[in-house]
1. Where Rh is the Kirkwood radius over the Cα pairs of the stretch 64-200, the temperature 25 °C and the viscosity 0.890 mPa s, what D in µm²/s does Stokes-Einstein return?
2. Per 5 Å bin from zero, what fraction in whole % of the C-alpha pairs of the stretch 246-296 is there, up to the bin with the longest pair?
3. Probe radius 1.4 Å, ligands and nucleic acids ignored: give me the carbon and sulfur share of the accessible area of the chain as a rounded percent.
4. Between K356 and D98, what is the label-to-label distance in nm when each label sits 7 Å out along the Cα-to-Cβ direction?
5. Roughly how many Å² is the accessible area per residue of the chain, as a whole number, for a 1.4 Å probe?
6. Between the stretch 55-121 and the stretch 330-363, how many Å separate their Cα centres?
7. Could you give each residue of the stretch 158-165 its phi-based ³J(HN,Hα) in whole Hz, using Karplus coefficients 6.51, -1.76, 1.60 with θ = phi - 60°, and x for Gly or Pro?
8. Within the set K59/K108; K67/K299; K159/K210; K52/K271, which residue pairs have Cα atoms separated by over 27 Å?
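The values are calculated or read from the model by the stated rules, or taken from the named source; none is laboratory data. What you see is a predicted model, and the numbers here were worked out from it, not measured in a lab. Reconstructed Cβ throughout: ideal geometry from the backbone, glycine too, with neighbour counts over all protein chains shown. The protein model used for the area step is the full one, side chains on, heavy atoms only, and it has no ligands, DNA or RNA in it. Shrake-Rupley method; radii C 1.70, N 1.55, O 1.52, S 1.80 Å.
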Amino acid sequence: MIDKEVAELRRRYRQDRSNITKIHGCYVNVHGELVSAFTLSMGLLPEGEQEKYLELLKKGISGRMGKTLSDLSFSTAQVADSDEHRLLMRLRDSGLEDEEAVQTLYEKIAGSLHLADNYLILLAADRYDVPFRSRDGFRQDEGSEQQFSYILCSICPVKETKPVLRYDSAEGKFHERGTDWVASAPEVGFLFPAFDDRATNLYGALYYTKNTDSSYEEFVSAVFNLQPPMPAGTQRETFREVLTDALEDECSVNVVQNVHTALRELVLTHKETRAEEPLAVTRQEVGAVLEHCGVSEPKMAAFNVKYDEAFGGGSEVPPQNLLGAVQLEYRTPDVVIRVNPDRQDLVQTRVLGGAKYLLINVDEGMELNGVSVRVPEEQKD
């Protein structure tokens, strides 16, 4: 799926656009035990509660592709005959009315997803009459030719609030309000089937994780019988390790600066062109930057091997995940310096008297703890 398709579905999570008639839920404690299950009719809920349920569901597909959202792909064999795909199809085709299938999903999730808090599993089924769009992007609601039926699951940590003072307007006084258990934004979620090219794709699902450093491998294995994609945070750390281990003494400031600049330019160009397809880079594209920096052939060979071992041969990775922070950060055990990536020219390396230095141009002014300071034109010994 692409970000534009995800956004199209997210816009449905309003009371005037959604076809969701029921909300299914299950409360799971921190030990993985099913505490209670329920089914709510949206039409009988107060308007405020409807909005809150829809908001929690929508957040289960929030963020962007390649970071919090990832595609999961089933094999042909799984789609043809597998317990995991069969269960998802039962849930989707019944509109979550198959109570046995819903209970089975609850048990799979509770047995495989271990969070630091109790959590709430929310399920909803929706039917979307996909409006026709002409080549110029013009929407024609009356020209809908297909219906996209899918299920959405959002798994929300339930946290205990702290006691607070609450104002009682009748008495005009403040009184203590005890602790409550409240559902927070989803930690994990998924949508099945995928909405690819604005159509149903039974070979795919959309997977969400709020924490870009976690993949919840056991959960993905239990529900989908698949390996989860490498989390965005892990991709960043892995790429740093590959550069450091492969280039060794050739991993210079200049090389890392150039890699950062090349990846950042790709991201900026992609945004400017407003391309719909997700941006991704290959090992060959990163390698071309290293070659341009003069990295030796032995180090290039080591980079190719370590990159393929870490990410897989022929893999494509979102460059924004490899970048990490937008700013350049120079760090020593005692000093941290952050630099606007557009002004790399202000930072240079020098060796003076046998000691290595980072030289920073401060002609444009400088502040120290918020105080404007100046550097003397001539420094006296």
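1. In µm²/s, the coefficient is 132.
2. Going out from 0 Å in 5 Å bins, the stretch 246-296 shows 4, 19, 27, 21, 14, 9, 6, 1 percent.
3. It is 47 percent, rounded to a whole number.
4. 6.1
5. About 58 Å² of surface per residue is accessible.
6. Answer, in whole Å: 49.
7. Once rounded to whole Hz, the list reads 10, 10, 8, 7, 8, x, 9, 8.
8. In this structure, K67/K299; K52/K271 lie more than 27 Å apart at Cα.
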